[in-house]
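Engineer: The following block contains the structure, expressed as structure tokens.
The values are calculated or read from the model by the stated rules, or taken from the named source; none is laboratory data. Quick caveat, the model's predicted, so the values are computed rather than measured. Quick reminder, even Gly has a Cβ in these numbers, built from the backbone with ideal geometry, and neighbours come from all protein chains shown. To get the accessible areas, we keep the full protein, side chains included, count just its heavy atoms, and leave off ligands, DNA and RNA. Shrake-Rupley method; radii C 1.70, N 1.55, O 1.52, S 1.80 Å.
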Number of protein chains: 2
Amino acid sequence: MSATTALLTDHYELTMLQAALARGTAGRRSVFEVFARRLPGGRRYGVVGGTGRLLDAIERFSFDDDALVFLEQQNVVDGATLAWLSDYRFSGDVWGYGEGETYFPNSPLLVVESTFAEAVVLETLALSVLNFDSAVATAASRMTTAAGARPCIEMGSRRTHEQAAVAAARAAYIAGFTTTSNLEAGRTYGVPTAGTSAHSFTLLHDTERDAFTAQVDSLGKGTTLLVDTYDVDEAVRLGVEIAGPELGAVRLDSGDLLSLATEVRALLDSLGARDTRIVVTSDLDEHAIAALAAAPVDAYGVGTRLVTGSGSPTAGMVYKLVAREDDDGTMVSVEKKSPDKISHGGRKFALRRRNRRGVAEAEVVGVGRQPVDDGNDRPLLIPLVRGGETIGREPLTSARERHERSRAELPPTALQLSRGEPAIPTRWEDRS
Amino acid sequence: MSATTALLTDHYELTMLQAALARGTAGRRSVFEVFARRLPGGRRYGVVGGTGRLLDAIERFSFDDDALVFLEQQNVVDGATLAWLSDYRFSGDVWGYGEGETYFPNSPLLVVESTFAEAVVLETLALSVLNFDSAVATAASRMTTAAGARPCIEMGSRRTHEQAAVAAARAAYIAGFTTTSNLEAGRTYGVPTAGTSAHSFTLLHDTERDAFTAQVDSLGKGTTLLVDTYDVDEAVRLGVEIAGPELGAVRLDSGDLLSLATEVRALLDSLGARDTRIVVTSDLDEHAIAALAAAPVDAYGVGTRLVTGSGSPTAGMVYKLVAREDDDGTMVSVEKKSPDKISHGGRKFALRRRNRRGVAEAEVVGVGRQPVDDGNDRPLLIPLVRGGETIGREPLTSARERHERSRAELPPTALQLSRGEPAIPTRWEDRS
């Protein structure tokens, strides 16, 4: 794996660059915009994820010798283009919705302003990062909503690409998950890590007693014992016998979790282990979590459905040229006419319109200028890169806090898990 | 991003390791197995993807100073465990289905034999790689089946994590795609790359004529022009006017592709451009491809649905301990009893049972020994790692050829796109 991100790029971006360089149009000032035409899966809102990762990736976007040799040997582009690429560093400006921010159809999520040449080659990288991370963050936000005050643990690494797993853990944390099983997410991004135990550990030992004793002796009484390898009732009794009432938690990974949790809670209480928590796992999603609200569950471990976006594994964002310089140096709006994929030309600005009580009422998108603030509104685009220099870097906890604030100001319908319309409408304010 | 893969691992693997080291059970000879309880989405067969990537990842699985410092500072494991990890190199044996091979429920896709300690820490990495790559390879195989002799172009990088995109391009190639848009997949794995043009390129120029002229002048008459930015009919005429009948191809990315392709074919023919091909894109999946079989389409560009597994973004494989050493050194089969997640204990072997005409009839899984060959059968597990040394590395084209052969020997029902039962049953041959 290479340290440069420059070849995480579609072939056509470089051939378009070659043609534009030859034609003399590559240097035209251009504005590209990332937006989503719709929210996937009848969601009520989306959550921006990946911004911080994208800023890192843009900084590492340069064509090293390996990359240039590959492009030359495969005849991807001509010598003039290779020469241009060898000097590539993004020198333009980027604005975007803050990471963790909620978004709606046509929200201008990222605005990249530079020459056509500099901006066109970032298309695939920007979309890969934002589409994956936002899909996971959006699913995660619904799960933490459903879980209420109960913590959600991210444990889906094994169900997605090994590097995507790291990004998924990060995105889930932004949207309110408390911990992840993924150690690389701990090292790279500081996401708190946690773990329980697997069936293999119990099966390694001659008896469940041996296994539990080994785990408690080594990891302490606060550990979480997996109690469904053989018989749940016996395992819970054994766990409390070995660790005492200080046993941290038991994990249930199969069966009818609703009734099982109720039975296990009663059993733990009867054994005096009133503080021993119950962690449930096993193909949970936001709907399963909501269905367990009445059960005596203390934490949810979520895997597959989280890292695959709970039915919507990509956010469906696109990267479109919306304005570019004309021959005489003025900027003109551009948009294609394909009947089923209308784009809105022009540089965008955006506000979250809020009523006097601070409740969000609309996504107001201004074309060509900032919409007028009604008095309670909140501007949504923040500067991320200026003249090629990253200025939007922030701690991951800032994105997490932003998400919590942004979700809290949405109207109550936003938190419905059923399919429906976006929680607030998107309104256009055209230059006129 | 780190060169080591050792932290692409779940927290609990290292804490289980710590407890097993302390208990003296970490060195027990163990057999872990990767299998899928079912095929997702009513598929008729699955396709193994990721084997080659996994072999690379296991070789790079070692705990460097950075990793050890992280684990120590976060108190993930104790000093004895850190010392053990600092020397980690996998020294065991691995067998697996060849990459590109078709598989069925309970096929023993990967068998890892080593000490518990060495094998347990590979769980997440092995599953991440195999689950993602196999999900994409399985979807890709259905798409190339639907496309028949027409080439499929992978262009989904922007719809998945940027590194997952590289793996997806590789998996698609194994399952019969001819090219990818992803340049890193070209550099790292030698997958042929290709590209067309985007709407932004047309919009950058003052007129469509300027854009097409720039593209043809720079990239040659064999290029593919995107013709749906404004009016398709006009764009096709313009393309042929500029490039002549040698125009390579036109791309349609919106609208009713069935009728549009028919109209464009007639128009191209009427303009004398009989050899100009028609490439279609726009949210294609295997069903949309099949529906276009009657249309005069020459190639399919597939993006979102490919990299997200066409509705099944993960293959759902698990990594389970199936046998381990007893106190007296004999190997014993182990399995958990969780009612809804039964595992089959014991070391597995597997054959593809074929009739005299070479048509697959069953997946025969032997427990504890190789099933008896009926005379036309094909063994499925091949050695990948022996004593820690990788011996199963092969060119990517070998996996591609294996897939083609394996799919060709399945019964015709395997190629149905509708939901249904696996194309062949899985039969157990227990030691008896």
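Engineer: How long, wide and thick is the range B:244-313, going by the Cα atoms along their three principal axes, in whole angstroms, largest first?
Structural biologist: 43, 19, 17
Engineer: Can I ask one more? Between A:Ala3 and A:Arg209, what length in nm is gained on full extension when 0.36 nm per residue of separation is reduced by their alpha carbon distance?
Structural biologist: Roughly 69.4 nm would be gained on extension.
Engineer: If you average 1/r over all unlike Cα pairs in the range B:115-234 and invert the result, what Kirkwood radius do you get in angstrom?
Structural biologist: Hydrodynamic radius (Kirkwood, Cα pairs) of the range B:115-234 is 16.8 Å.
Engineer: Per residue, how much accessible area does chain B show when a 1.4 Å probe rolls over the protein heavy atoms, in square angstrom?
Structural biologist: Accessible surface, normalised per residue, equals 35 Å².
Engineer: Show me the three semi-axes of the equivalent ellipsoid for chain A, from the C-alpha gyration tensor (sqrt of 5 times each eigenvalue), largest first, rounded to whole Å.
Structural biologist: Over the Cα atoms of chain A, the semi-axes work out to 47, 26, 16 Å.
Engineer: With viscosity set to 0.890 mPa s and temperature to 25 °C, compute the Stokes-Einstein D of the range B:361-432, Rh being the Kirkwood radius across alpha carbon pairs; µm²/s, no decimals.
Structural biologist: 164 µm²/s
Engineer: Taking the Cα-to-Cβ direction at B:Asp66 and at A:Tyr230 and moving 7 Å from each Cα, how far apart do the two end points lie in nm?
Structural biologist: That separation, rounded to one decimal, is 4.4 nm.
Engineer: Using a Gaussian network model of chain A whose springs link C-alpha atoms within less than 10 Å, name the residue from A:Ser259, A:Ser218, A:Ser418 with the highest mean-square fluctuation.
Structural biologist: A:Ser218
Engineer: Residues of the range A:96-138 with backbone nitrogen within less than 20 Å of a virtual label 7 Å along the Cα-to-Cβ line of A:Asp326, please, listed as ranges.
Structural biologist: Under cut-off, by backbone N: A:114-116.
Engineer: How far is B:Val69 from itself in the other copies, in nm, if each label sits 7 Å out from Cα along the Cα-Cβ line, shortest first?
Structural biologist: List, nearest first: 3.1 nm.
Engineer: Also, I was wondering about something else. At q = 0.13, 0.19 Å⁻¹, what log₁₀ I(q)/I(0) does a Debye calculation on the Cα points of the range A:1-82 give, no solvent, two decimals?
Structural biologist: Here log10 of I(q) over I(0) equals -0.61, -1.01.
Engineer: Still on this structure: Take the solvent-accessible surface of the protein heavy atoms, probe 1.4 Å, and return the percent of it on the protein assembly as shown that carbon and sulfur atoms account for.
Structural biologist: 47 percent
Engineer: As a test of the definition: with a 1.4 Å probe, what buried accessible area, both sides summed, do you compute for A against B, in Å² to the nearest 100?
Structural biologist: Heavy-atom accessible area buried at this interface is about 8300 Å².
Engineer: Work out the P(r) tail for the range A:148-310: percent of alpha carbon pairs separated by more than 18 Å, whole number.
Structural biologist: Counting every Cα pair in the range A:148-310, those more than 18 Å apart make up 58 percent.
Engineer: Dipole of the protein assembly as shown (Lys/Arg Cβ +1, Asp/Glu Cβ -1, origin at the Cα centre): which of A:Gln163, B:Leu225, A:Leu417 lies farthest to the positive side?
Structural biologist: Positive-end residue among those listed: A:Leu417.
Engineer: Tell me the Rg and the Dmax, in Å, that the Cα atoms of the range B:295-432 produce.
Structural biologist: When restricted to the Cα atoms of the range B:295-432, Rg and Dmax are 18.9, 69 Å.
Engineer: How much of the DSSP bridge set in the protein assembly as shown is antiparallel, in percent, rounded to the nearest 5?
Structural biologist: Restricted to the protein assembly as shown, the bridges split so that about 65 percent are antiparallel.
Engineer: Going toward the positive end of the dipole of the range A:148-310, with +1 on Lys and Arg Cβ and -1 on Asp and Glu Cβ, which of A:Ala175, A:Ser282, A:Leu247 do you reach last?
Structural biologist: A:Ala175
Engineer: Run the numbers on the range B:4-40: which residues show a drop of 50 Å² or more in accessible area, chain on its own versus all protein chains together, using a 1.4 Å probe over heavy atoms?
Structural biologist: By number: B:Leu7, B:Leu8, B:Asp10, B:His11, B:Tyr12, B:Met16, B:Ala19, B:Arg23.
Engineer: While we're on this one: Rounded to the nearest 10 degrees, what's the angle between the helix B:162-174 long axis and the longest principal axis of chain B, both from Cα atoms, 0 to 90?
Structural biologist: 80 degrees
Engineer: Quick one: net charge of A:Arg265's neighbours, Cβ under 11 Å, K/R +1, D/E -1?
Structural biologist: -1
Engineer: Right, something else. Give, rounded to the nearest 20 debye, the magnitude of the charge dipole that the range A:148-310 has about its Cα centre when Lys and Arg contribute +1 at Cβ and Asp and Glu contribute -1 at Cβ.
Structural biologist: Dipole of the range A:148-310, to the nearest 20 debye: 620 debye.
Engineer: Working from Cα positions, state the angle (0 to 90°, nearest 10) between the long axis of helix A:257-270 and the longest principal axis of chain A.
Structural biologist: 40 degrees
Engineer: In chain B, what % of DSSP beta bridges are antiparallel (nearest 5)?
Structural biologist: 65 percent
Engineer: Using +1 on the beta carbon of Lys and Arg, -1 on that of Asp and Glu, and nothing else charged, what's the dipole of the protein assembly as shown about the Cα centre, debye to 20?
Structural biologist: Using only the charged Cβ atoms, the result is roughly 1640 debye.
Engineer: Right, another one. Distances in nm, one decimal, shortest first, from B:Pro379 to the same residue in every other copy, taking the label point 7 angstrom along Cα→Cβ.
Structural biologist: Taking the point 7 Å beyond Cα along Cα→Cβ, the inter-copy spacings are 7.0 nm.
Engineer: Mind checking A:189-200 for the average number of partner chain beta-carbons within 10 Å of each residue's beta-carbon?
Structural biologist: 6
Engineer: Can you give me the Kirkwood hydrodynamic radius for the range A:200-288, using every pair of distinct Cα atoms, in Å to one decimal?
Structural biologist: After inverting the pairwise mean of 1/r, the radius is 13.0 Å.
Engineer: Shortest first, in nm, what separates the label point of B:Pro245 from those of the same position in the other copies (7 Å along Cα→Cβ)?
Structural biologist: The answer, with the shortest distance listed first, is 9.3 nm.
Engineer: Kindly give Rg over Rh for the range A:57-201, based on alpha-carbon atoms, with the Kirkwood expression for the hydrodynamic radius.
Structural biologist: 1.08
Engineer: If you don't mind, another one. For A:Arg38 and A:Lys337, calculate 0.36 nm times their separation in residues minus their Cα-Cα distance, and state this gained length in nm to one decimal.
Structural biologist: 105.8 nm
Engineer: Using a cut-off of 30 Å between alpha-carbon atoms, which lysines can reach A:Lys221, once sequence neighbours fewer than 8 places away in the same chain are excluded?
Structural biologist: Counting by Cα, and skipping residues close in sequence, A:Lys221 has these lysines nearby: B:Lys320, B:Lys336, B:Lys337, B:Lys341.
Engineer: Principal axis extents for the protein assembly as shown, Cα atoms only, whole Å, descending order, please.
Structural biologist: Projected onto its principal axes, the Cα set of the protein assembly as shown covers 84, 75, 46 Å.
Engineer: Across all directions of projection, what mean area in square nanometres is found for the Cα convex hull of the range A:81-128?
Structural biologist: That works out to 4.2 nm², a quarter of the Cα hull's surface.
Engineer: Now for a different question. Would you compute, from DSSP H runs of 4+ residues alone, the mean residue ellipticity of chain B at 222 nm, taking -39500 (n - 2.57) per run and dividing by the full residue count, rounded to the nearest 500?
Structural biologist: That calculation yields -10500 deg cm²/dmol at 222 nm.
Engineer: Continuing with this model, one more query. Just to confirm the number: angle between the C-alpha axis of helix A:123-147 and the first principal axis of chain A, 0 to 90 degrees, nearest 10?
Structural biologist: 30 degrees
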